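To start, the structure itself, in structure tokens.
The values are calculated or read from the model by the stated rules, or taken from the named source; none is laboratory data. Here the structure is a predicted model, which means the values were calculated and not measured. Neighbour counts are summed over all protein chains in view; Cβ atoms, including those assigned to glycine, are modelled from backbone coordinates with ideal geometry.
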Amino acid sequence: MDEWIRQAEVWVGQAESWIRQQPPEQIYIAAAVIALTILVFIAASCLKSSKSNTIVLSGLSGSGKTTLFHQLRDGSSHQGTVTSMEENNDTFVLNSEKERNGKVRPVHIVDVPGHARLKPKLDEVLPKAAGLVFVVDAQDFLSSMQDAAEYLYDTLTKASVVKKKVPVLIFCNKTDKVTAHSKEFIKKQLEKEINKLRESRNAISSADISDEVKLGVPGEAFKFSQCQNKVTVAEGACLTGNVSAVEKFIREYVKA
Amino acid sequence: MLEELLIFTRGGLILWSSCRALGAAALKGSPIDALIRSCLLEERSGDASFSQDNYALKWTFHNDLGLVFVAVYQKILHLLYVDDLLAAVRREFAQIYDPKRTAYDQDFTDIFRQLHLEAEARAEEMKKSKQALSSRPLPPAASHKTDPKASGDSRPNAAKKKKKGKDDSDDADYTAKEALPNGNGTFKAQDRVLVLPKQGKENGGPNDNGAFDVSKLQRLRKNDRKNNTGAADNGAKKLTTKPSETKKKGKQDRVWDDKPSNKKLDFTDPADERGDEVTDHMAVNQGESMMDKDDNLSSDSEEDEQEVEDGPPKKKGWFSSMFQSIAGNNVLDKSDLQPALKALKDRLMTKNVAEEIAEKLCESVAASLEGKKLGSFTRISSTVQTAMEEALLRILTPRRSIDILRDVNAAKERGRPYVIVFVGVNGVGKSTNLAKVAYWLLQHNLSVTLAACDTFRSGAVEQLRTHARRLQIPIFEKGYEKDPAVVAREAIQEASRNKSDVVLVDTAGRMQKLADLSAVPTARLIDGILLTKFDTIDDKVGAALSMVYISGAPVMFVGCGQSYTDLKKLNVKSIVKTLLK
């Protein structure tokens, strides 16, 4: 051990004397070049990450998120889907824009499973999201209305969503079916349900509250326009390929 | 006949479906979704099979590529080759799989047809060889087998492994007659063992699950109204229907530690009202032990020996295993996982988790990790730990909303009172916690009524009366020695007349029939769990996990003290941390 320490000291001494021997300008120039390179790297990484290109697809189980994901990516829903056990995570150029000339920025889309047991997965991806698409089953809406409203409420009251003003698109899926409800109806029902939730949640003692932000204006009925982040409603059908509303939303928030 | 074989990714996209590819009829209902929701996501992926309506499903994972293979067939047919086929399919598909591709029809359909034929052929051969073997059972069997009650059980009939496992006492007689000429001593042992299951089933013998009838709850969950404790009794079943030994089953035996008591416990779970399913499961697990005892089954023991030779896992050198763990190409093997899982299981048990639950959890985690490639610089133990943590988090996260206040409001809108019935064993703290819940509801401006349906324990009604007086809420009581169901019904009627929002019903600790208490015709299962005396257990929080796993119900409240305000919600993350500390 001692030998090595002595050896190291000798080397350090040699390096010092070598440096002293160089003319001072060269050393200054070398240091400046290194500093500049570091600065350039930092600047580049800052600029790149300021605009995230992640869009999160969420919603109840069975609303059509995985089908939507595949429509956006491949233009078809292949052979169908089953309940997802894991998220679908991919960065790609939207299928409809593949033919466009010029540089098209790829989009990173994350399809989070809707099953209640896998809810924690959503918390992991939300901080990086530039936009959130909440998929709702327009055909089977009434029976799942309460659960959908609760899920939406939980999402809208997360600090990460509100602080960063993440825009939300409520996409009413399966409108190709005859018994599907209209998007205005769905919007109104969701607002009503969330209003009810607001009241029952606010009645809980402060120790129990799990939402981090209060929604809406106290005393008034809840409307989506009261949210700090922008909430819009659109409709379409993933199975037939009618997903232009989602693509417009994505393009709006993930600049090419 | 196999109805469907489905290959899909864990993200939910279907890659190949035999129905579509071969043009067969589609499945009725959606058994696959049911499988995912009630089994795989409930951390029961270590189970052997799952059944829904009249379909039975078996599955296997390819954890490295993130694929799931599910085979669906009619429940009444007991196809032997399914496990075999699934393994072969997995192997072949993994070779042609490409993450970018989503259409495998042309390539895979032919391969599948071939594999299917091969598997069926192998099963046929096995059947024939078994028939040859077991045409030697003995006279003592004959008298037992003619027992009329045995009709429920033809499975123990090892000799005739028919595809259609129908109840055939004729079969039994036939085998017995054939047996007469061979008075072989060893087979006597085998035969006596064969008889036991029937007796077990008929007597509905002692339930060795302890106070909480686990399997009963599971059967209830499957909407089985019959109060059949027969299938729950597996303690007496030390048998096999056949010394079955396909190569696959042999492999299974090699891998698991030889713990007979564990295997016995395994039987209590997927308990089915159809004895067939249960015996099939037992056969698989017990095949090896019969094999070891009987030396005369020459051809079979040969096969087993082959397996045994491959048995002792290759002991990798320390250096090479270190190197592999750094380089990150280590593929996880069952044998690698075993020590880490065992350590975790022991840790869980020290925290008061029931042994069977810990076992099943470990199996489920093993199923999800087997064959996965380790990332670089990760040790096996840390991978297992992470997987276990995720599994625990998944189990304890409630499956549906536990917002009681919202449910109460919903019931209010419908104009009926919301009824909460408190059930549980003696001394667990029902009455105390009932009062706490009443207090909490009162704080939210809901009108509460108490119903004293504990008409058995002396002092129960007085206890409730005192609580009611302190909280100033009405109580409905009819004294002692009355039928609790009647009291409950009247209490609810009274409450709706008085426009009360919630009715809290107290019941006796002794097993009063749940069915009687419900005013609604459909049998109700457990909707929620209230854990009591949480303040007294320090960090032995395993009971929470056991309860949630078995019943599938979320924990709604946690009682942690003797006063009215000691009622909390369950903090899932902290429980998981405590369990794995």
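Odds and ends about this structure:
- Residue tally, condition exposed (fewer than 11 other Cβ atoms within 10 Å of the Cβ) and of a type in the set (S, T, N, Q), over region B:88-107: 2
- In region B:453-460 there is at least one residue matching the filter, namely being under 36 Å from the mean Cα position of the chain (by Cα) and under 21 Å from B:Gly528 (Cβ atoms).
- Among (1) within 13 Å of chain A (Cβ to nearest Cβ); (2) farther than 29 Å from B:Val365 by Cβ - the single one B:Glu3 does not satisfy: (1)
- Hey, B:Ser381 surrounded by fewer than 16 Cβ atoms within 10 Å (Cβ to Cβ), away from chain A (no Cβ under 12 Å) and hydroxyl-bearing (Ser, Thr, Tyr) or not: yes
- Subset of region B:12-41 (residues that are touching a helix residue (DSSP H, G or I) at 6+ places or on another chain (Cβ under 7 Å) and within 11 Å of chain A (Cβ to nearest Cβ)): B:Gly12, B:Leu13, B:Trp16, B:Ala21, B:Ala26, B:Leu41
- Among (1) under 19 Å from A:Asn53 (Cα atoms); (2) at pLDDT 85 or above, the one test that A:Gly102 misses: (2)
- All of (1) surrounded by fewer than 19 Cβ atoms within 10 Å (Cβ to Cβ); (2) in contact with a helix residue (DSSP H, G or I) (Cβ under 9 Å, 6 or more places away or on another chain); (3) of a type in the set (Val, Ile, Thr) hold for B:Thr386 with one exception: (2).
- Some residue of region A:46-57 being within 18 Å of the chain's Cα centre (by Cα), at pLDDT 85 or above, outside any helix (DSSP H, G or I) and within 13 Å of chain B (Cβ to nearest Cβ): yes
- Among the residues making up region B:62-76, those that are assigned to a strand (DSSP E or B) and of a type in the set (A, V, I, L, M) are B:Leu67, B:Val68, B:Val70, B:Ala71, B:Val72.
- The condition of being in a strand (DSSP E or B), more than 21 Å from A:Leu118 (Cα to Cα) and in contact (Cβ under 8 Å) with a residue 12 or more places away in the chain holds for only one of B:Leu79, B:Leu15, B:Leu86, that being B:Leu15.
- Total residues in region A:160-200 satisfying the condition of being outside any loop (DSSP other than H, G, I, E, B) and either within 14 Å of chain B (Cβ to nearest Cβ) or farther than 19 Å from A:Ala234 by Cβ (or both): the figure is 12.
- Check on A:Gly114, crowded, with 20+ Cβ neighbours inside 10 Å, out of contact with any Lys or Arg (no Cβ under 9 Å at 6 or more places or on another chain) and either under 20 Å from A:Phe69 (Cβ atoms) or in contact (Cβ under 8 Å) with a residue 24 or more places away in the chain (or both): no
- Restricting attention to region B:367-382, the residues that are under 15 Å from B:Phe319 (Cα atoms) and modelled with pLDDT of 75 or more add up to 1.
- Selection from region B:459-481 of residues that are within 19 Å of B:Ala495 (Cα to Cα), in a helix (DSSP H, G or I) and without any contact (Cβ under 8 Å) to a residue 24 or more places away in the chain: B:Val461, B:Arg465, B:Ala468, B:Arg469
- Residue match in region A:126-142 (condition: part of a helix (DSSP H, G or I) and either of a type in the set (A, V, I, L, M) or not assigned by the TED database to the domain that holds A:Val243 (or both)): yes
- Region B:42-56, residues that are on the phi < 0 side of the Ramachandran plot and either away from chain A (no Cβ under 12 Å) or surrounded by fewer than 17 Cβ atoms within 10 Å (Cβ to Cβ) (or both): B:Arg44, B:Gly46, B:Asp47, B:Ala48, B:Ser49, B:Phe50, B:Ser51, B:Gln52, B:Asn54, B:Tyr55, B:Ala56
- Taking the conditions (1) outside any helix (DSSP H, G or I); (2) surrounded by fewer than 21 Cβ atoms within 10 Å (Cβ to Cβ); (3) polar (S, T, N, Q) in turn, B:Asn409 satisfies each one other than (1).
- Leading residue by the ranking (nearest to B:Ala94 (Cα to Cα)) among those in region B:61-78 that are within 11 Å of chain A (Cβ to nearest Cβ) and of a type in the set (Val, Ile, Thr): B:Val68
- Cross-chain or 6+ apart pairs with Cβ under 8 Å, region A:42-57 first and more than 21 Å from A:Asp111 (Cα to Cα), then at pLDDT 80 or above and of a type in the set (Lys, Arg): none
- Consider region A:64-85 and keep the residues that are out of contact with any helix residue (DSSP H, G or I) (no Cβ under 8 Å at 6 or more places or on another chain) and touching a residue at least 24 places away in the same chain (Cβ under 8 Å). The one that is farthest from the other protein chains (Cβ to nearest Cβ) is A:Gly64.
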